[in-house]
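One structure is given here, and the rest of the page talks about it.
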Amino acid sequence: MTEASDLSSMVVWGGFALAFIFGAVANKTNFCTMGAISDVVNMEHWGRMRMWLLAIAVAMVGTNVLYHLGLIDLSKSIYVRPSLPWLSLVLGGVVFGIGMTIAAGCVNKNLVRLGAGSLRSLVVLVFVAISAYMTLKGLFGQWRAGYLDPVTLDLSQWGLAGQTLPQILAKLTGLAEKSALVVSVAVLSLGLAAFALKDKRFRGNPVQWLGAVVLGLLIVAAWYLTGHLGFGENPETMEMVYFATNTRTLESFSFVAPTAFSLELLMLWTDQSLRVSFGIASAIGIVLGSFVYALASRQFRWEGFASTEDLRTQLLGAVLMGFGGVTALGCTVGQGMTGVSTLALGSFIVLASIIGGAAATMHYQNWRA
């Protein structure tokens, strides 16, 4: 039991430490996926978008190097299963994109803002957590499970063991799966990195490109933490398990469901079956990392809602993010970086849906204005 406790503690504290760095870097670089989309739509400025894409490229390379070397088993992750609930992924992604635009930031950005003193983000995150919990286990979850998730493509019917792009490429071309993996990673990561780095202004801004590299590597480090260091034998069942993760398998950063699990833990603190998990610890780490950076840079300041209309809009966005993030199995980080790093087809579908939902909402807001 001591060894199991040690592994759980290592995963929890390791997740906290990695997220602490993530939060500080995200604050320093003003990393915000909603902001990146907004910059492109409203100002045709690609700086923060290039940062996001470079971070994805780094995460993609590092994650698949770990997988290729046998250090982690991505086939066990929730992203690459052969069932493809395409309706949930598309609808959840679009709804999340709309919600984060209305709320002026995704869940990660609101965690960063909370660390910098935003009481507005605290309220938003509470409502994200309530909505996410309702989508996991409550009223919204009944709708999701009854009407959305059953609309699924079973890729195993086509002889696929999973939904990753290398597996699909290998099936279509006859390539060996390892060769297809190398080709897929090379084409996608080099393409994203080349696009990001071709801009002279971006290359001349080390805060952005170095920040992108660090954020991408943190995604990789989290996979290694939960998928390798946190993988061991359960002394009670004698089975090999992944310790301290809510999904009971390897994880990297994702922030919608962990807000719900955090709220559950606070409400049911005396329930001995509940423990601080990797996801909960990472959400706390983001906030505290941002807090320390905000204090050190003298940028910490209390912030509230500008008006009752602002409050109403933010709460609507929060509810949409909670529902959309759980339905789509992740957010701009959970799917847009972590999921995409596994090369899962579903993650690319969610990423496109989030961007589409956000961009459409911004165009609508501009039209109304």
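Quick rundown of the values:
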quantity	calculated
Tally of residues being open to solvent by less than 10 Å² (accessible area, probe 1.4 Å) and out of contact with any strand residue (DSSP E or B) (no Cβ under 6 Å at 6 or more places or on another chain) across region 118-128	3
Residues of region 259-273 satisfying the condition of being modelled with pLDDT of 95 or more and either open to solvent by less than 10 Å² (accessible area, probe 1.4 Å) or of a type in the set (Gly, Ala, Ser) (or both)	ALA260, SER262
Condition met for SER131 (part of a helix (DSSP H, G or I) and open to solvent by less than 40 Å² (accessible area, probe 1.4 Å))	yes
Verdict on VAL292 being among the β-branched types (Val, Ile, Thr) and assigned to a helix (DSSP H, G or I)	yes
Test: residue in region 25-36 that is open to solvent by 60 Å² or more (accessible area, probe 1.4 Å) and either part of a helix (DSSP H, G or I) or among the aromatic types (Phe, Trp, Tyr) (or both)	yes
Residue match in region 336-350 (condition: outside any helix (DSSP H, G or I), open to solvent by 10 Å² or more (accessible area, probe 1.4 Å) and either of a type in the set (Gly, Ala, Ser) or modelled with pLDDT of 95 or more (or both))	no
Scope region 320-335; condition open to solvent by 10 Å² or more (accessible area, probe 1.4 Å) and under 16 Å from GLN163 (Cβ atoms); matching residues	LEU329
Among the residues listed as VAL292, VAL276, the single one being closer than 30 Å to VAL61 by Cβ and open to solvent by 30 Å² or more (accessible area, probe 1.4 Å)	VAL292
Residue count for region 224-239, restricted to those that are at pLDDT 90 or above, open to solvent by 20 Å² or more (accessible area, probe 1.4 Å) and not aromatic (Phe, Trp, Tyr)	2
Every pair of residues 6+ apart whose Cβ atoms lie under 6 Å, when the first sits in region 269-291 and is over 15 Å from VAL256 (Cβ atoms) while the second is in a loop (DSSP other than H, G, I, E, B) and of a type in the set (Gly, Ala, Ser)	SER290/ALA116
Output for region 295-315, where each listed residue is farther than 27 Å from TRP13 by Cα, aliphatic (A, V, I, L, M) and open to solvent by 50 Å² or more (accessible area, probe 1.4 Å)	ALA306, LEU311
SER282, sole failed condition from (1) touching a helix residue (DSSP H, G or I) at 6+ places or on another chain (Cβ under 6 Å); (2) over 20 Å from ASN27 (Cα atoms); (3) not hydrophobic (A, V, I, L, M, F, W, C)	(2)
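The values are calculated or read from the model by the stated rules, or taken from the named source; none is laboratory data. Note that the coordinates shown come from a computational prediction; the quantities given were computed from them, not determined experimentally. Positions of Cβ are generated from backbone atoms using ideal geometry, with glycine treated the same way; all protein chains shown enter the neighbour counts. Keep in mind that these areas ignore ligands, DNA and RNA; they rest on the heavy atoms of the full protein, side chains included. Shrake-Rupley method; radii C 1.70, N 1.55, O 1.52, S 1.80 Å.
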